[in-house]
Each structure stands twice: as structure tokens, then as C-alpha cells.
Amino acid sequence: MYRSHVLVCGGTGCTSSGSQEIILALQTELKKQGLEKEVCVVQTGCHGLCALGPIMIVYPEASFYSMVKVDDIPEIVEEHLLKGRVVKRLLYDETLTDDGVRSLSDTDFYRHQHRIALQNCGVINPENIDEYIGTHGYEALGKVLTELTPDDVIKTLLDSGLRGRGGGGFPTGLKWKFAKASENKQKYVCCNADEGDPGAFMDRSVLEGDPHVVLEAMTIAGYTIGSNQGYIYVRAEYPIAVQRLTIAIDQARKYGLLGKNIFDSGFDFDIDLRLGAGAFVCGEETALMTSIEGKRGEPRPRPPFPAVKGLFGKPTLLNNVETYANIPQIILHGAEWFASMGTGKSKGTKVFALGGKINNTGLVEIPMGTTLRTIIEDIGGGIPNGKKFKAAQTGGPSGGCIPTEHLDIPIDYDNLISIGSMMGSGGLIVMDEDNCMVDIAKFFLQFTVDESCGKCTPCRVGTKRLYEILDKITKGKATLEDLDRLEELCYYIKDNSLCGLGQTAPNPVLSTLHYFKDEYLAHVIDKKCPAGVCKALLSYEIDPEKCKGCTLCARICPAGAITGTVKHPHTINKEKCLKCGACMEKCRFGAIQKH
């Protein structure tokens, strides 16, 4: 028994901020103070507030320390762990009130959340199977193998209303039903952990913080559809996730929770890892399975669907990490419990990776139906520096941009599609008034151009032509006819591409064209970028009334485009100007303006 537990985040975000050094320093200091047998140090997965890492929570007080440095450790050990006095200067500021220290669950970031998929992340040591079992881990598997038939499991999932969290939103119970119905001696269960959307890291965090939940869910799936072999396809650039999955699989095998005769039920099931090389298209289910087979990861036409002919030509069930992470909880608490959360056709919760122009960057899990305004203003803490909200991109490169007028729409699968966006895997990037929406569309299209596997012409050639038109627009060289061609090409690519990558690639272009057409017209007709982002359309001028003739701008200009004498207003030669903005950044008198 320990009198205190210190939980230190060991997710990728906090690890990159130095959490491993924090753990070593903590262990050293505890030993120095003779507290190593009284205080237990636990490395956990992600807590969600990634921007505040390294994060440390001390129990039983639940004191939430953020941005902890190695130099802070002696003070925390002596003041808090030895003398029992919380170090207030290191507490997350939202937990501090005039009346004292409030619980983390009462802060704006956490009080709107409801954690199901992330319930163990930041709570347990992901490398210790006993801690997972201590939070009712593997109870759902035991219940399934000893009390439920495969049809019972499918009915529970159908009644729960769980839809695939990987982007498509297909009913999970229906997918399992199709896989079970396929007749074949050999079937497979696969997990899509190839998370490739820019800004998305939900699946990585679940694997790093709670790997056993995926193993348990996949084993339940194996029993349900009649499979004895599972594969987790995880990208190799997730080294912490790969390491913890490897440890978890070994532990589960040793405990008899994977392998032969699980729970003495006569059911055999095992799981192996397959590492992906980071190609975005391998997140598409047919390309993923082709890659597991050892071939180049390219999609194939459907039907036949994977439930009929998937991995190695056998019936295959494929879900992503977040979908699996919901399964044990649904089995334990029942379909009605899960269906009580969310909206009419979108039940339960959804994990979002919140990023971009937002104060609280991190990972959040909210009930379906929560508005975008609540996510951005309450959970996210609003836009930094008093800037105005302009748009939010959901669904990554396959999604669309949501403008201010839709801030109060309840977020679920169908509502997002109705306003030209999509759920996707859950990336949510916030943009403010300084973002150019044409430039944003160009950014996402550059990503899909780079990631196209090249198998079908509409995607391989079409997205490149789209990018070229957008490039012309941002350089002020496009015409109104180019705008018409841009839109026409978008619909052609959507209708004729082979897989989801090409079919959804034009979404950022179409949504920005729909909601921000005035910005496109300003680029094409006025040859101006209203947000001041597109470099080719910018010009810099010096206000002679404000210029003091300090010469700093002239000295810093790399092109020698600024001339003038001491204590006299300077001027910029626009033909020589590189539009780098260095002069404006350095001017101490606000004399340089960008148009």
C-alpha cells in the first residue's frame, strides 16, 4: 500500500516534452527523501491536455500539475509529498479558484466531456495488465464467452446504435452480422490503427494509454464472427503504441486471455501486429488488407466487401481502434446505456483531436450532439489573442470547413454531412480570421495529391489538376472560368474515383467554395488575399507619418528593398521586395502595413 500515487503522462505528446526525464528525476528524489516505499510513480497514457505537458497528477488530492520541469521535482517532493502542501504555482490554472483548488473534473475542459473510449487513458499503467483487470478489464470477454451467444453480442451492438468511428459511420452491429453470416472455415478480425489524417491522434492515444481494451474487443469479435486470428495494422511511426501493444499481447497470452481455450471455453483466438509504412491510403480498408498480405497497399473495387472476401480472400471484420474501444463497455453496461447518449442516429460519444487556433489543444471525448460552439468556446477555451473564429475543419483532408453560422449545430454523423463536412476519424482543426480559406483548401489538396496511390486516373491526375487551379488562384493568375472548372472537376473526381481517398478529396475545396466564395472572388477579380496570407498577392508599404527613420527595417531586409536615411521616412521598392515580412515583424513603431 502507498500513501500517494503520482501519475505521469507517458503519451507521445508528454514524452516529447520530457516526461521520461520527469519520471527519472521523481524516482531519484523520492529515494533521496526516503519516500520510495510510500509514494508510487505510475506512467500513464494521455490525459487530453497535450499542450500543457508534461502533466503530473498526485493522488489522493488529485492535484493536477502542468508543464512540469525537472527542476520542479525537488519542490514537489519536499512540499507536497513530504510536507503535504500543494505547490500552487505549478497547478493547472483552471483548477485554482478564489476559494481554493477545485477538482479537475469541474474545469471547463473536462466537465463537458464523457469518457468511454478514453476512460482508462491517463488513469492506469498501460504496461500492467493487472491495472486493466482492476478496472473491470476482460470482464466483458468473460461474460461473452460464458453467458452470451454470438447472436446475443450482435443484437447488443445493433441495439446500442454504435457506428464505426473510423469515418464511414457504418453500423457496427450490422458489419459484425455480415461477417458472421459469411460461411468459411477461416475468417479474420482486423484493427485499423493506421491513423493518417493531419492533426489526428485519437487512435494512437488509446493504443498508448489502454492497449488491452482493443485486444479484449477484438477477441470478442473473433468469438462473435467465428474467427481465431486477428491482426492490428498500426503505423510504424507510432513507436510507443507499437511497444505497448507488443507488451499487452505478451501479457494477455501469459494470462490465457489470448491463445488456446480462453476462459476454458474451448475458444481459441490470437492477435499479431503488422506495421504500416505511413501511406495514407492504407487507412482505406481494402488497401489496408492488401498491405497486410505483403503487397503494395492499393485499394480494390467493392463489392465484394471484406465481410465476404477480405484478407487473403477470406471473410474479414475490420474496425478502427476507437470503435473497438467502445465494445467492452457496451457489453458490460448494456445497449440501452450506450444508446441513452447521443442523438437519434448517432449514439454514444466521439473522440476529437482538437488543434489549430485554439487555447486548449488536446484530446476530448464528447457525447454526440454536443455543439461545435461548446467544443471551441468551453472545452477548447476559445481562440487565442482575441481573434475571431472563422471556420473549423472536421474529417481531416476528407472533410470540410464549417463556418460561424453552423457553430450551434449538434455534431453527429448526419448533421456534419448535411453542412458539407463529415465526422472522419475525428480531427478538428480550428481557424481564425487570419486564415485564408483558399490557402487552406490548397493545403489539404496538396496532402491528398502526395498521398494518392495513383491506381485510378480521377484521383491521380484529377487532384493534381485541382491543385494547379488553386495554385493559380493564390497567385492571382486565375480567371472566373478557372473557378467554374474547379467546381466541375471536384464533382467529376468525387463520382469517378476508385476509393474513399479520391471520392472525398475535393470536399475541402467544395466546402470552402460554398461558404467562402467571396474569398475566391477576391483572389480572382481583385487580386487580393483578404486574410493577408497568399504571398504573391501581398504588398508592403511604410507609413511616412509613423516611420521614425531608425533604419532597422533597411538593415534587416534580405533583398535590400528598403531605402532611406537616419531620422527620415523610409520606402520599400515593391519590385525588389520578397514579401517575407521580416521588416514588419521588426518595426517597433507599427509603421509597416501589409495589404
- Query: From the backbone phi of the range 392-401, what are the Karplus-calculated ³J(HN,Hα) couplings (6.51 cos²θ - 1.76 cosθ + 1.60, θ = phi - 60°) in whole Hz, Gly and Pro given as x?
  - Reply: 10, 9, 10, x, x, x, 8, x, x, 9
- The base-10 log of I(q)/I(0) that the Debye equation returns for the chain at q = 0.05, 0.08, 0.10 Å⁻¹, one scatterer per C-alpha, is -0.26, -0.64, -0.95
- Counting only residues 5 or more apart in sequence or on a different chain, those whose built amide H sits under 5 Å from that of residue 350 are 366, 368
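Which percent, to the nearest 5, of DSSP beta bridges fully inside the chain are antiparallel?
Details: 35 of 62 bridges.
In the chain, approximately 55 percent of DSSP beta bridges are antiparallel ones.
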- Query: Which residues' amide hydrogens lie under 5 Å from the amide hydrogen of residue 318, considering only partners 5 or more residues apart or on another chain, with H built in the peptide plane?
  - Reply: 190
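Given a cut-off of under 8 Å on Cα pairs at least six residues apart, what relative contact order in percent is computed for the chain? Show your work: numbers first, answer last.
Working: 1231 pairs, mean separation 66.5, N = 595.
Once divided by the residue count of the chain, the mean separation gives 11 percent.
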- How big is the accessible area of residue 585 in square angstrom, nearest 10, if you roll a 1.4 angstrom probe over the protein chains? 150 Å²
- Message: Please compute the volume of the convex hull spanned by the alpha-carbon atoms of the range 64-105 and report it per residue in Å³.
- Response: 72 Å³
- Compute the distance in nm between two label points, each set 7 Å from the Cα along the Cα-to-Cβ direction, one at residue 59 and one at residue 103. 1.3 nm
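What 222 nm value per residue comes from the helices of the chain, counting each DSSP H run with n ≥ 4 as -39,500 (n - 2.57) and dividing by all residues, nearest 500 deg cm²/dmol?
Working: 23 runs with 208 residues, N = 595.
After summing the helix terms and dividing by residue count, I get -10000 deg cm²/dmol.
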- Query: What figure in square angstrom, to the nearest 10, would you give for the accessible area of residue 115 with a 1.4 Å probe?
  - Reply: 60 Å²
- Query: So what are the range 371-446's ellipsoid semi-axes, whole angstrom, largest first, if each one is the square root of 5 times an eigenvalue of the alpha-carbon gyration tensor?
  - Reply: 18, 17, 10
- Residue order for 388, 594, 143 - accessible surface, 1.4 angstrom probe, largest first: 388, 594, 143
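Can you give the alpha-carbon Rg of the range 286-398 over 2.2 N^0.38 Å, where N counts its residues? If you can, show how the numbers build up before the last one.
Working: Rg = 18.9 Å, N = 113, 2.2 N^0.38 = 13.3 Å.
That works out to 1.43 for the range 286-398.
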- Order of exposure, largest accessible area first, which applies to 433, 336 with probe 1.4 Å: 336, 433
- Query: Label residue 573 and residue 265 with points 7 Å out from Cα along Cα→Cβ: what is the distance between them in nm?
  - Reply: 7.9 nm
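Translational diffusion coefficient, Stokes-Einstein: compute it for the range 1-118 using the Kirkwood radius over C-alpha pairs as Rh, at 10 °C and 1.306 mPa s, and state it as an integer in µm² s⁻¹.
D = 110 µm²/s.
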- Message: Please list, in order, the residues from the range 360-377 whose amide nitrogen is less than 20 Å from a point placed 7 Å along the Cα→Cβ vector of residue 67.
- Response: 360-363
- Would you mind classifying the range 481-529 by shape? Square roots of the alpha carbon gyration tensor eigenvalues, ordered a ≥ b ≥ c; an a/c under 1.5 is rounded, otherwise it is prolate if a/b is larger than b/c and oblate if not. prolate
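Ranked from the most accessible area to the least, with a 1.4 Å probe and all protein chains present, what is the order of 63, 539?
Numbers: 63 5, 539 35 Å².
From most exposed to least exposed: 539, 63.
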- Whole-Hz couplings from phi, Karplus 6.51/-1.76/1.60, listed for the range 257-262; x for Gly and Pro: 9, 9, x, 8, 6, 5
- Item | Other-chain or far-sequence residues with amide H under 5 Å of residue 41's (modelled H) | 6
- the range 527-590-the range 419-482 distance, computed between alpha-carbon centres (Å): 31 Å
- Message: Could you report the accessible area of residue 491 in Å², rounded to 10, computed with a 1.4 Å probe on the protein chains as they sit in the structure?
- Response: 110 Å²
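The values are calculated or read from the model by the stated rules, or taken from the named source; none is laboratory data. Keep in mind it's a predicted model, so treat the numbers as computed, not measured. With ideal geometry, Cβ positions are generated from the backbone for all residues, glycine too; neighbour counts draw on all protein chains shown. Just the protein is used for accessible areas: all its heavy atoms, side chains included, with ligands, DNA and RNA removed. Shrake-Rupley method; radii C 1.70, N 1.55, O 1.52, S 1.80 Å.
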